[in-house]
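One structure is given here, and the rest of the page talks about it.
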Amino acid sequence: MASLELRNIVKRYKSQTVLDNLSLTVADGETLVLFGPSGAGKTVLLRLVAGVIDPDEGKILIGGEDMTDVDAEFRGVGMAFQNFALFPHMTAFDNIATPLQAKHSSQGTIKAGVESVGKLLKIGHVLSHKPRALSNGQKQRTALARALVGSPPLLLLDDPLRNVDAKLRFEMRLELPRLLADRGATVVYVTQDYKEAMALGDRIAVMSQGVVKQLGTPEQIYREPANVEIARLFGDPTINLLDVKPSRDAKGVYVGLSNVQVHLAGAHEAAVGRDCVIGLRPEALAFVDEGTSGAIPVTVEAETPLNEKIVTLVRTVRGREILVSRPSGIPGQSEGRAHIAVDSKSALLFDRASGERIGSKNVVNLRSGEAA
Amino acid sequence: MEHTSLLERILRGIALALVVIFFMFPIVWILMMSFQTNETILRIPPQLVFEPTLANYTALITGKLMTAAGTLDIAFMRNLWNSVFLSVTSVAVALLLGVPAAYAFARHKFRGSEDIAFTLLSFRFAPALLVLLPLTLYFQKLGLANTYIGLIWVYQLICLPLILWIVRGYFEDIPADIEYAYRIAGHSWFATFRKIALPLAGPGIAAAGLLAFIFAWNNFVFALVLASADKQPVTVGALAFITSSGIQYGQISAAIVLSITPTLALALYAQRYLVEGLSLGAVKG
């Protein structure tokens, strides 16, 4: 069991600042996902924690102990690499056994430990193979087994599903949370896949250019993204972003969409009169009958059925393209003229110049029905 | 294999045979000469059929060289032993020093590391004769002239840069993540060097060692100047075959056969590892 605390970490390569005064705390037993585009500094951060590179400034505390100047082999963390980093000259068994060998465990303990983790990860039958004889999925599981085998209190997983095929990634996305929860370890998980981030993280830290742009639960990141960029990164199909200038009348704050006044629920006072971008999740839009209040006339351009949902591309009278998503089975328009309405509670307003989200912490939490 | 016609296969066979004959001819001719007397060798026109004799080999092994002018003592077997000893020891010392140094140069970019590495490489640029004159004077002052230690030391000029630069490349090719993974698993840097870096760079180290061995074995000028008869390797010892009563082609050929045998055997043996080394590069992360 170990918490992790990073204090004012700075890392530079030559003149480039990769991590800029970054502070972050991960509670004991928590899974924190580091999410962000490549070059955001996620992997560097993980390596700093592992101890294979040193920060230029700042402190790293593991379980409350200052580990900044402690060598990697004494930090007691487990790590899985994106490229697996298996030892090519050793069998899968020996690969997995290395952390136990370092602890000078007995042969019996090593064998039992490797076999139990091998069974857990369903690679028991390939333990005698060398990495080159393993499939990508088996390599990935071997790498994961090596990270897990010593039951390290702190696990660092660097995009471990990056190099495996889609089917396996989907399976592991389901399997991993339970696996990690069973271990009770503190986990820092790096990924570029927002679905993985949402599925695995107790909290998500969205990183960009060496700083944490937003830190919160998956729910918060999705419902209240700190800026346009984060709103765009989370969600598939991507969020609809439209330029608007909110106004106010007796009924509250409204925006004009295709000459229709759409009133927004929640506190959006701060946005009135400013140049804004409104973010509308495709699933917050629905087809409605003509004449419904707030119905926006559109033309259907294309429809993509995706098994569990149907995504429709529509065009407003002003020529702006909007994606509408609805669960399969819900009737909708698949061609010609149609009307859509906005679920005004989940609309997001961003400042057009800075991209930052405006106001209202009071976004309704749809899943639990409470204010988040 | 794609299907080929009979004619094509025959032509291909002939072409291959021609290439092999062209490249193997000098070696085969030397091998044949080593079983002939000087008279049959110098016969004009040269003949492929001859009565083989082992006289050349017996002369080399017993150290008695029969010439028209009488019997000469030659130290060929001693020279051969010197070659083996000097080359093996030099390569061993160069590996002991060069491999850790190569690892340091590959993994740690310290101040001046590139300059030091390049300085070591520059030993290979300097003309040997330019280095030799001051070196001889120093060695005489230090008492290192005509000693095995002195020669092995000088041979480092040949072996060390080779091993350092070749092995460094192999170490650099090992993904750093693999070593990081071993460190994080709880092993010291030295264990990582021994258990991960060394085995993975093994084929490269073998290749560099083999190359250094061949260079050391073939060295002539350092040993010529710095060693006297009892410390001389075969390359210098071969001069003894130029006698007052002519050049002993038969013995020279036999000597060549004997002296290329160790390197040839080593190369054939190591080839397996060299090929394995090349295919090991196919392992991605």
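The values are calculated or read from the model by the stated rules, or taken from the named source; none is laboratory data. All values reported here derive from a predicted model rather than from experimental measurement. All Cβ positions, glycine included, derive from the backbone under ideal geometry; neighbour counts span all protein chains shown.
Check A:204, A:230 and return the single one that is touching a strand residue (DSSP E or B) at 6+ places or on another chain (Cβ under 8 Å), β-branched (Val, Ile, Thr) and part of a helix (DSSP H, G or I). Before you say what the answer is, go through the steps one by one.
Values: A:204 fails: part of a helix (DSSP H, G or I).
Within the list A:204, A:230, the selection yields A:230.
Please list, ordered by first then second residue, the pairs with beta carbon atoms under 9 Å, 6 or more apart or interchain, first in region A:307-326 and touching a residue at least 40 places away in the same chain (Cβ under 8 Å) and assigned to a strand (DSSP E or B), second aromatic (Phe, Trp, Tyr) and crowded, with 18+ Cβ neighbours inside 10 Å.
If the second residue must be aromatic (Phe, Trp, Tyr) and crowded, with 18+ Cβ neighbours inside 10 Å, the pairs left are A:324/A:287; A:326/A:287.
Just to confirm my filter: which helices (runs of 4 or more DSSP H) fall fully inside region B:130-212 and include at least 1 residues that are facing chain A (nearest Cβ under 10 Å) and at pLDDT 90 or above?
Passing ranges, in order: B:176-184, B:189-192.
Residue under question is residue A:28, and the condition is that it be more than 14 Å from chain B (Cβ to nearest Cβ), acidic (Asp, Glu) and over 24 Å from the mean Cα position of the chain (by Cα); does it hold? Let's see the steps before the verdict.
Numbers: more than 14 Å from chain B (Cβ to nearest Cβ): yes; acidic (Asp, Glu): yes; over 24 Å from the mean Cα position of the chain (by Cα): no.
Answer is no for this residue.
Is it fair to say residue A:46 is in contact (Cβ under 8 Å) with a residue 60 or more places away in the chain and assigned to a helix (DSSP H, G or I)?
yes
Just one of (1) crowded, with 20+ Cβ neighbours inside 10 Å; (2) more than 20 Å from the chain's Cα centre (by Cα) trips up residue B:173, so point out which.
(1)
For residue A:147, are the conditions met, namely being modelled with pLDDT of 90 or more and either among the hydroxyl-bearing types (Ser, Thr, Tyr) or within 24 Å of residue B:185 (Cβ to Cβ) (or both)?
It is true that residue A:147 is modelled with pLDDT of 90 or more and either among the hydroxyl-bearing types (Ser, Thr, Tyr) or within 24 Å of residue B:185 (Cβ to Cβ) (or both).
Within the group A:113, A:29, which residue is touching a residue at least 40 places away in the same chain (Cβ under 8 Å) and either outside any strand (DSSP E or B) or among the small types (Gly, Ala, Ser) (or both)? First the steps, then the outcome.
On the way: A:113 fails: touching a residue at least 40 places away in the same chain (Cβ under 8 Å).
Answer to the selection: A:29.
Just one of B:58, B:37 is of a type in the set (S, T, N, Q), surrounded by 11 or more Cβ atoms within 10 Å (Cβ to Cβ) and in contact with a Gly (Cβ under 8 Å, 6 or more places away or on another chain); which is it?
B:37
Residues being modelled with pLDDT of 90 or more, part of a helix (DSSP H, G or I) and within 7 Å of another protein chain (Cβ to nearest Cβ): count how many of those fall in region A:65-85.
0
Looking at (1) of a type in the set (Ser, Thr, Tyr); (2) surrounded by fewer than 17 Cβ atoms within 10 Å (Cβ to Cβ); (3) without any contact (Cβ under 8 Å) to a residue 12 or more places away in the chain, which one does residue B:180 not meet, given that it meets all the others?
Only one criterion is unmet by residue B:180, namely (2).
Just checking, does region B:68-83 include any residue being in a loop (DSSP other than H, G, I, E, B), within 30 Å of residue B:266 (Cα to Cα) and without any contact (Cβ under 8 Å) to a residue 40 or more places away in the chain?
No, region B:68-83 contains no residue that is in a loop (DSSP other than H, G, I, E, B), within 30 Å of residue B:266 (Cα to Cα) and without any contact (Cβ under 8 Å) to a residue 40 or more places away in the chain.
Of A:243, A:202, which residue is of a type outside the set (S, T, N, Q) and more than 14 Å from the chain's Cα centre (by Cα)? So that I can check it myself, show each step before the final result.
Details: A:202 fails: more than 14 Å from the chain's Cα centre (by Cα).
Only one candidate passes the filter, namely A:243.
I'd like to know if region A:86-103 contains one or more residues that are more than 12 Å from chain B (Cβ to nearest Cβ), in a helix (DSSP H, G or I) and either under 29 Å from the mean Cα position of the chain (by Cα) or at pLDDT 90 or above (or both). Write out each step before concluding.
First, the residues of region A:86-103 that are more than 12 Å from chain B (Cβ to nearest Cβ): A:91-93.
Filter once more, so that each one left must be in a helix (DSSP H, G or I): A:92-93.
Among the residues that remain, those that are also either under 29 Å from the mean Cα position of the chain (by Cα) or at pLDDT 90 or above (or both) are: A:92-93.
Yes, that holds for at least one residue.
Within region A:116-137, how many residues are part of a helix (DSSP H, G or I) and within 14 Å of chain B (Cβ to nearest Cβ)?
Adding up the residues that qualify gives 5.
Of all the residues that make up region A:155-175, how many are modelled with pLDDT under 85 and out of contact with any Phe, Trp or Tyr (no Cβ under 8 Å at 6 or more places or on another chain)?
The qualifying residues number 14.
Between a first residue in region A:135-149 that is touching a residue at least 24 places away in the same chain (Cβ under 8 Å) and a second residue that is among the aromatic types (Phe, Trp, Tyr), which pairs have beta carbons less than 7 Å apart while being 6 or more apart in sequence or on different chains?
Final answer for the pair search is A:139/A:84; A:140/A:84; A:143/A:81; A:143/A:84.
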